[in-house]
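Asks: Here it is, the structure, as structure tokens.
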Amino acid sequence: MRASRRILALFLFLLAARGAHAAPIAVVAAESTYGEIAQAIGGPYVAVRSIIASPRVDPHLFEAMPAVAVAVARAQVVVMNGIGYDAWMQKLLLASPNPRRQVVVAADLASNLIMPDRNPHVFYDPRVALITAARLATVFAGLDPAHAAQFRANLAAFSQQLLPVYGEIGAIIAAHPNLAATGTEPVFGYMLRALGYRVVNQRVQQNVMNDTQPSPQEVVAFERSLRTHAVGLFVYNAQVQSPLTQRLMALARQVHIPVVGVAEFAPAGSSYPQWQLATLRLVAAALNGTRR
Amino acid sequence: MILGLEYAFMRHAVFAGSAIALVSAPMGYLVLLRRQAFAAHALSHVGFAGAAGALLLSLSPYLGLFAFTLASAVGLALLGSRVSERDVGIGMVLMFALGLGVLFLNLYTANAAAAIGILFGSIVGISGAQAWLSAGVALGVLAVLALIYRPLRLASLDQDAALGRGVPVGALGVVFVLLLALTVSISVPVIGALLIFSLLIGPPAAARMLARSVEGGLLLAALIGLAETWSGIAASYYIGYPASTWIAGISFLVYLAAVWGGPWLRPGAPR
Amino acid sequence: MTHWAIEAHALGCRLGARPVFSRLDLAVPRGALVGVLGPNGAGKTTLLRCLLGLARRTEGRLEVLGKDPGAVRASIGYVSQGEPPEMSQHLSAVASVAAAFQGERWGFPLHWRLERRHALEALDAAEAGALAQRPLGELSGGQRQRVRIAQALVNAPQLLLLDEPLASLDQGGQQAVLRLAKRLCLDKGITVLMSAHDLNPLLEYIDLVLYMANGQGRLGTVDEVVQEDVLSALYGLPMRATRVDGRIFVHPDSGFIPELTDCCPHCAGGK
């Protein structure tokens with residue numbers, strides 16, 4: 001028993017030693033969204049580990065395990081969302097203090113873009129992604145000056161790839177301006193702001209996000225807004241469902257309100273710009289579909 | 001190094017976990033003697049509500065934990081000391097506190113992840129300050145417990161006999177519930193409000209099956225608690241899955257083993 | 001050191017507004033075995049608690065072992081009525097007795113060897129030495145009663161107050177407890193007050209009887225107290241004390257009053 005433990009410890013040590021001597025910068029991303037951004041900027045010179053990548057995990061309720069804590073303890077760079085979205089990561093950082101580790105918190109970098117209700121889903125604002133990417137480029141350049149030029153070039157490319165996203169936003173605004181939108185959770189809030197849409201029934205959405213009960217009045221108001229077609233778009237969180245959200249969604253479909261499912265992370269193998277573009281195309285398709 | 005002790009978070013986990021196991025064992029043993037398991041359960045959930053309230057006000061969850069559990073402890077103590085009078089009162093306090101907890105979560109405008117986290121705890125997410133706070137409070141509780149131990153032991157075993165010897169049974173009951181509130185408050189953020197029994201009740205319940213003196217029970221409970229905490233953290237580190245799950249699972253299995261194996265382990269018992 | 005273990009003049013006690021008994025005159029010599037008899041609610045338990053200083057004396061004068069009650073608690077052993085609900089079935093007899101040793105003192109008992117020696121001596125004195133290592137849960141009612149008496153003996157009392165020690169024991173168990181009480185009086189000079197429902201088992205052991213009824217009481221030898229005029233004065237209605245085969249049946253002169261049957265189950269049987 002003890003011998004095997006020793007061997008395991010030795011193995012872990014060798015693993016750590018190898019990691020320290022090989023070139024790639026050890027990056028831990030709280031969510032795959034930020035992992036994809038870090039990979040895009042760092043290219044082959046970073047080793048990225050995204051902790052939450054499974055679309056079935058509710059990031060609000062994620063519970064860290066030792067393996068995750070070990071990764072965080074070893075990381076040179078940690079990139080995370082912030083404003084309570086990944087509070088577990090904050091805990092892990094406090095539990096493994098390391099003055100040399102650099103922590104990139106998207107919401108803190110883009111504090112001027114945070115909505116007044118402190119909606120944590122900042123990754124649906126492409127500007128936040130760009131700000132985060134720019135910061136990562138600087139951090140990587142500091143840790144690996146030899147490849148600073150490469151990181152700068154990657155950042156420029158990333159910025160270029162975001163242009164079609166802005167283009168799609170413009171196209172949707174042109175075709176469907178000034179809608180009222182609602183949803184099961186405030187996941188898509190930042191993108192709805194970019195589209196110039198007004199969000200209604202926010203209390204219900206926050207309650208669903210926090211797994212607490214909305215009051216009956218709020219649910220009644222929500223249903224009325226669907227039945228009277230006071231809203232023109234219904235967005236649901238494809239990752240987190242409950243009997244309440246399913247009922248509301250069914251009602252929206254029944255009264256022919258465009259319904260779009262959005263995710264909280266970039267799916268595996270999809271870059272951040274690709275993911276945003278795909279999501280916007282779903283929105284456009286839903287809106288166009290009902291018009292016909 | 002074993003158990004990943006080269007990492008600060010593992011040191012914090014083992015340190016705080018051990019402190020909590022060491023204080024939970026004697027407290028839990030006395031909780032069982034005094035039939036106050038329901039009070040312990042209630043205090044942990046009251047603590048959750050307090051933590052949710054503190055987070056809502058952007059305060060440290062510990063402030064809410066200590067404030068709510070200590071206030072409820074006084075309330076519980078005033079509700080009566082005999083088992084029969086007690087449980088309904090505890091149920092009332094628990095109900096009221098959980099109602100507040102739901103309200104606090106409902107009032108959140110940002111997200112409630114931090115409050116939800118209190119329900120299950122986070123052994124690998126303990127900061128250095130949190131570990132020292134846990135150890136300090138645990139030490140303080142143990143010191144007070146040692147001071148009042150003898151009259152408390154008698155009052156827990158035979159309340160009338162204690163009264164007859166002039167033991168201030170009522171005051172001791174209040175002090176004990178306050179100590180329980182402190183124990184619960186440091187355990188909840190680590191092991192989780194829902195899993196508090198895995199260290200508070202599991203090890204003492206197993207020890208009670210095996211030991212036949214109060215002191216033997218206390219010592220055995222502490223040893224079992226420490227062993228369960230360490231093996232739970234180790235299993236989580238080497239195998240995976242949350243440490244709380246491991247500790248609760250091991251605690252359950254040890255209790256079952258004690259119930260079934262106890263009669264065979266006791267000297268002189270029929271085999 | 002006075003000759004009297006208990007000395008009272010016109011003693012009265014109320015619980016809340018209800019007067020339990022009044023005008024009680026007692027003079028119990030040291031080393032006597034006293035049976036406290038009377039129907040339910042006559043104040044037997046309250047009197048014992050009054051002697052301990054737990055129930056407040058509201059009128060008259062009372063000296064226990066020559067001092068104010070409460071000041072001599074350390075020299076009084078008390079066994080309450082019925083088993084305490086807190087009683088742990090897993091603890092050994094010796095552990096439960098040891099817990100009572102100087103149970104009113106603060107601090108952690110580091111002298112646990114001394115504690116254990118005293119407990120074993122007390123168990124021997126209570127004729128329960130053979131039960132020392134057995135868990136309480138495995139003992140019979142009579143054995144448990146002897147362990148509880150040992151618990152009261154562990155602090156070397158001069159006065160022993162036993163509240164209904166014979167209740168729910170079979171005849172063998174009753175005889176064992178009575179023989180034990182008598183021996184404690186004779187060998188150790190301990191004064192024993194024992195409350196009971198039925199006078200007959202006590203007849204050949206007790207030196208004095210305190211008969212309580214209707215808020216009053218009379219102390220004397222059996223022949224002095226169990227007289228029709230004395231009992232009639234106590235109850236406030238004509239009473240009979242019928243002697244058959246060395247047994248005494250106390251019952252109302254005319255008819256049958258249910259609340260009195262407690263003092264003498266044979267009356268109800270005879271109807």
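The values are calculated or read from the model by the stated rules, or taken from the named source; none is laboratory data. Because the structure is a prediction, the values reported are computed rather than measured. Positions of Cβ are generated from backbone atoms using ideal geometry, with glycine treated the same way; all protein chains shown enter the neighbour counts. The accessibility values were calculated without ligands, DNA or RNA, using every heavy atom of the protein model including side chains. Shrake-Rupley method; radii C 1.70, N 1.55, O 1.52, S 1.80 Å.
Asks: Decide, for chain B, between rounded, prolate and oblate: order the square roots of the alpha carbon gyration tensor eigenvalues as a ≥ b ≥ c, take rounded if a/c falls under 1.5, and otherwise choose prolate if a/b is larger than b/c, else oblate.
Replies: oblate
Asks: Where nothing but the Cβ of Lys and Arg (+1) and of Asp and Glu (-1) is charged, how large is the charge dipole of the protein assembly as shown around its Cα centre, in debye to the nearest 20?
Replies: Details: 64 positive and 50 negative charges, 349 e Å.
It works out to roughly 1680 debye.
Asks: Now, a different point. Just want to confirm a number: the relative contact order over chain B, from Cα pairs under 8 angstrom separated by 6+ residues, in percent.
Replies: On the way: 406 pairs, mean separation 79.9, N = 271.
Relative contact order comes out at 29 percent.
Asks: Shifting gears a bit: Expressed as a rounded percentage, what relative contact order does chain C have, with Cα pairs under 8 Å and six or more residues apart?
Replies: Computed value for chain C: 23 percent relative contact order.
Asks: Also: Can you compute 3J(HN,Hα) from phi for each residue in the range C:154-160, using the Karplus curve 6.51 cos²θ - 1.76 cosθ + 1.60 with θ = phi - 60°, rounded to whole Hz and x for Gly and Pro?
Replies: 5, 9, 6, x, 9, 10, 10
Asks: Measuring from centroid to centroid over Cα atoms, what is the spacing of the range B:166-217 and the range B:36-83 in Å?
Replies: Using only Cα atoms, the two centres lie 15 Å from each other.
Asks: Counting only residues 5 or more places away or on other chains, whose amide H sits under 5 Å from the amide H of C:PHE21 once H atoms are built in the peptide plane?
Replies: C:CYS13
Asks: Please compute the per residue accessible area over the range C:34-110 with all protein chains in place, 1.4 Å probe, rounded to a whole number of Å².
Replies: 36
Asks: In terms of modelled amide H atoms, which long-range or inter-chain residues lie less than 5 Å from the amide H of A:THR184?
Replies: HN-HN under 5 Å from A:THR184: A:VAL235, A:TYR236, A:ASN237.
Asks: Additional query: Once Lys and Arg get +1 and Asp and Glu get -1 on their Cβ, which of A:PRO258, A:ALA149, A:MET191 lies farthest toward the positive end of the dipole of chain A?
Replies: My answer, from the dipole projection, is A:ALA149.
Asks: I'd like the distance between the alpha-carbon centres of the range A:219-292 and the range C:55-105, rounded to an integer number of Å.
Replies: Comparing the Cα centres of the range A:219-292 and the range C:55-105, I get a distance of 73 Å.
Asks: List the relative contact order of the range B:91-221 as a percent without decimals, with contacts defined as Cα pairs under 8 Å and 6+ residues apart.
Replies: 30
Asks: In addition: Averaged across the residues of B:209-218, what count of C-beta atoms belonging to other chains lies within 10 Å of each residue's C-beta? List each step's numbers first, then the result.
Replies: Working: counts 1, 1, 4, 12, 10, 7, 7, 3, 4, 0.
Partner-chain Cβ atoms within 10 Å, mean over residues of B:209-218: 5.
Asks: List the residues whose amide H sits under 5 Å from the amide H of A:LEU179, counting only those 5 or more places along or on another chain, with H placed 1.01 Å from N in the peptide plane.
Replies: For A:LEU179, the qualifying residues are A:ARG198.
Asks: Take the eigenvalues of the Cα gyration tensor for the protein assembly as shown, scale each by 5, and report the square roots as semi-axes in whole Å, largest first.
Replies: Taking √(5λ) for each Cα gyration eigenvalue gives 74, 31, 19 Å.
Asks: Could you point to the residue in C:GLN133, C:CYS13, C:ALA27 farthest towards the positive end of the range C:4-160's charge dipole, with +1 and -1 charges on the Cβ of Lys/Arg and Asp/Glu respectively?
Replies: Sorting the options by dipole projection puts first C:CYS13.
Asks: Considering every residue in B:165-174, what mean count of other chain Cβ atoms within 10 Å of its Cβ is obtained?
Replies: Taking all residues of B:165-174 together, the mean is 3.
Asks: A further question on this structure: What average count of beta carbons from other chains do you get within 10 Å of the Cβ of residues in B:234-244?
Replies: 4
Asks: Determine the shape class of the range B:134-271: with a ≥ b ≥ c the square roots of the Cα gyration tensor eigenvalues, call it rounded for a/c under 1.5, and otherwise prolate if a/b is greater than b/c, oblate otherwise.
Replies: Oblate.
Asks: What value in Å³ per residue do you get for the convex hull of the alpha-carbon atoms in the range A:131-218?
Replies: So the per-residue hull volume is 104 Å³.
Asks: Whole Å is fine, so just give me how far the alpha carbon centre of the range C:115-159 lies from that of the range A:121-143.
Replies: 76
Asks: How large is ³J(HN,Hα), in whole Hz, for each residue of the range A:86-101 in order, when computed from phi with the Karplus curve 6.51 cos²θ - 1.76 cosθ + 1.60 and θ = phi - 60°, using x for Gly and Pro?
Replies: 10, 4, 4, 5, 4, 5, 5, 5, 5, 6, 10, x, 7, x, 8, 6
Asks: Apply the Karplus parameterisation 6.51 cos²θ - 1.76 cosθ + 1.60, with θ equal to phi minus 60°, to every residue of the range A:266-272 and state each ³J(HN,Hα) to the nearest whole Hz, in sequence, with x for glycine and proline.
Replies: 5, x, 4, x, 10, 6, 4
Asks: Counting only complete DSSP H runs, which helices of chain B cover 18 Å or more along their long axis at the Cα atoms and score a mean Kyte-Doolittle of 1.0 or above? Please report the intermediate quantities before stating the final value.
Replies: Working: long enough: B:8-33 (37 Å, 1.52); B:37-56 (29 Å, 1.36); B:61-78 (26 Å, 1.71); B:83-107 (36 Å, 1.52); B:128-147 (29 Å, 1.80); B:169-191 (32 Å, 2.57); B:214-238 (35 Å, 1.07); B:243-265 (31 Å, 1.29).
Both cut-offs are met by B:8-33, B:37-56, B:61-78, B:83-107, B:128-147, B:169-191, B:214-238, B:243-265.
Asks: Relative to the longest principal Cα axis of chain C, at what angle does helix C:141-153 sit, 0 to 90 degrees, rounded to 10?
Replies: Here the helix axis deviates by roughly 70 degrees.
Asks: Kindly express, to the nearest 10 degrees and within the range 0 to 90, the angle between helix A:148-161's C-alpha long axis and the longest C-alpha principal axis of chain A.
Replies: Long axis of A:148-161 versus the principal axis of chain A: about 10 degrees.
Asks: Taking +1 at the Cβ of each Lys and Arg and -1 at the Cβ of each Asp and Glu, which of C:THR58, A:ALA181, C:VAL97 sits farthest along the dipole of the protein assembly as shown towards its positive end, judged by Cα position relative to the Cα centre?
Replies: Of C:THR58, A:ALA181, C:VAL97, it is A:ALA181.
Asks: Treating the Cα atoms of the range C:47-193 as identical point scatterers in vacuum, please give the log10 of the normalised Debye intensity I(q)/I(0) at q = 0.12, 0.17 Å⁻¹, two decimals.
Replies: Ignoring solvent entirely, the Cα scatterers give -0.49, -0.98.
Asks: When the Kirkwood radius is taken over all Cα pairs of the range A:97-153, what Stokes-Einstein diffusion coefficient follows at 10 °C and 1.306 mPa s, in µm²/s?
Replies: Rounded to a whole number, D works out at 126 µm²/s.
Asks: First check a/c for the range A:73-169, with a ≥ b ≥ c the square roots of the eigenvalues of its C-alpha gyration tensor; if it is under 1.5, answer rounded, and if not, answer prolate when a/b is larger than b/c or oblate otherwise.
Replies: oblate
Asks: Mind checking the angle between helix A:243-254 and chain A's longest principal axis? C-alpha axes, 0 to 90 degrees, to the nearest 10.
Replies: 50
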